[in-house]
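So the structure is just underneath, and the comments pick up after that.
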Amino acid sequence: MADAKDDGVMAEAQIAQPLGRWPILSYGVGHMLNDITSACWFTYLLLFLQQIGLAPRDAAIVMLSGQVADGLMTILAGEMIDRFGRFKLWHVAGSVLVGVSFSSVFGGCLLCTILGTDSYLVRTVGYSIFAAVFNIGWAATQVSHMSMVNCMTLNPTSRVALASCRNAFTMVANLGLYAIALAVFGVIKAKECSDIVLQYRWIAYLSIFIGCGFLVVFHIGTNEPTLKSESNCKKKARISWGYWFKKTLYYQVALLYMLARLITNVSQSLIAFYVTRDLRMNEYSKAIIPAIIFCCSFVVSIVLQEIKWNSRRLKSLLTVGATLWVISGVAVFVLPSQMHNLMYPLAMVIGAANALVMVTTVGLESALVGEDLNGCAFVYGSLSFLDKISCGIALFVLESYEDTMSCGETRGLNTVSRYGTGLIPSCFAVLSLVVTSMLRLQDATPRAAALEAPLLV
């Protein structure tokens, strides 16, 4: 008995040894394909679909079909991976779906080619199908990649390093996408609608090529996690869903997380419309403005990691972020096209506000879960589902009021993109301020101790 116990202790100690640089680096690049395609999806999908002739409402249907599929697959993938494991199999299967479907959306209507017709209905249905397939693959890849961390090592420092490396390459992927877009917009001038299709086709193909290159590195350098079969990783009794539904904090955090995602995703999805059509800035602004927002968000996020967190600071910084969004959103809404250069400093403020609201709401998720780890999958999954469905519905409703435009046409100041980029996110921010004022977090409990750790890792 003693020998068996000693062997178990030695095995656990060996598993808890820190990972080397190569396993951490190879894991970190495993989400690059998802990240670079996601940045393109939210920034350019609606703009692309409308520029090639789809009505705004139908373009929103394409986006909504993807969001619904993503939300459902997030829950399903988490449950299946919890039951059966096989992280890398889910990862590679999801990545294949992402690559094929993404190129079928931005690279041209594959269903139209298969059926030999380019009718409007077939295009709408074809884009909607592949938008759903893309988001199914994206969710499978995301869930499998994120859930690998705890079963790769027991060493807490290595777990932090894995998450930090993944976060760093997310930044690289997003900036890489905007660099690709800036280069393509500079080389291929959009004089006709066919030029627009060619622009986004090259952006899609280059994004997939770069993402797949990092995917190969991930699968070569990362072994299938084995801790899921170890005694120290066996599942305990799960916490029922009803446990969370009885908590007032669950509804408050769910509402705040949903509002934060609505603020960031709705504004990101319409920013390209706003700068090119409302402010009448040049083609490069479609890449430069989102890049400025993202860079400022990244810088603020790094600063926030150095803060020692407690409930007071969490609520205070969430309030600051929401207030900044109220101010900048109103400024975006009333900004005339003759003063479009002011969009550059406004983009910096928006980037900082995005970081503040997102980092603090993720911190609230950690505070909600606390030590109830056996129920954390439901919390993160349900909040993610709520976020994706609400964003899809919000964009669908907004685009339903948009007028159809042809290539090169300009429009007035009172537009859906002006509302969606400025005023509506400001309203969401006001609601966030109201909910935040009603939050009651207790630092004296073990649950609040989770706030003492950096929120981005």
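The values are calculated or read from the model by the stated rules, or taken from the named source; none is laboratory data. A quick note: this is a predicted structure, and the numbers were derived from the prediction, not measured. Reconstructed Cβ throughout: ideal geometry from the backbone, glycine too, with neighbour counts over all protein chains shown. Protein only, heavy atoms only, side chains kept; ligands, DNA and RNA dropped before computing areas. Shrake-Rupley method; radii C 1.70, N 1.55, O 1.52, S 1.80 Å.
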Determine the alpha carbon to alpha carbon distance for each of Lys286/Lys388; Lys315/Lys388; Lys189/Lys286 and list only those over 21 Å. Lys286/Lys388; Lys315/Lys388
Solvent-accessible area of Lys315, probe 1.4 Å, all protein chains present, reported in Å² to the nearest ten, please. 50
How large is ³J(HN,Hα) for each residue in the range 31-45, as worked out from phi by the Karplus curve 6.51 cos²θ - 1.76 cosθ + 1.60 (θ = phi - 60°), to whole Hz, x for Gly and Pro? 10, 4, 4, 4, 5, 6, 6, 5, 4, 5, 4, 6, 7, 10, 4
Once amide H atoms are placed 1.01 Å from N in the peptide plane, what residues at a sequence separation of 5 or more from Leu439, or on another chain, have their amide H within under 5 Å of its amide H? none
How would you rank 256-266, 54-64, highest first, on the average number of other Cβ atoms within 10 Å across their residues? 256-266, 54-64
Solvent-accessible surface (1.4 angstrom probe) belonging to Met32, in square angstrom, nearest 10: 10
Protein chains only, probe 1.4 Å: how do Leu110, Leu72 rank by accessible area, largest first? Leu72, Leu110
Which order do Ile350, Ile302 take by accessible area at a 1.4 Å probe, largest first? Ile302, Ile350
Convert each backbone phi in the range 58-69 into a coupling constant with the Karplus relation 6.51 cos²θ - 1.76 cosθ + 1.60 (shift: θ = phi - 60°), then list the ³J(HN,Hα) values in order as whole Hz, x for Gly and Pro. 6, 4, 5, 4, 4, 4, 5, 4, x, 5, 5, 4
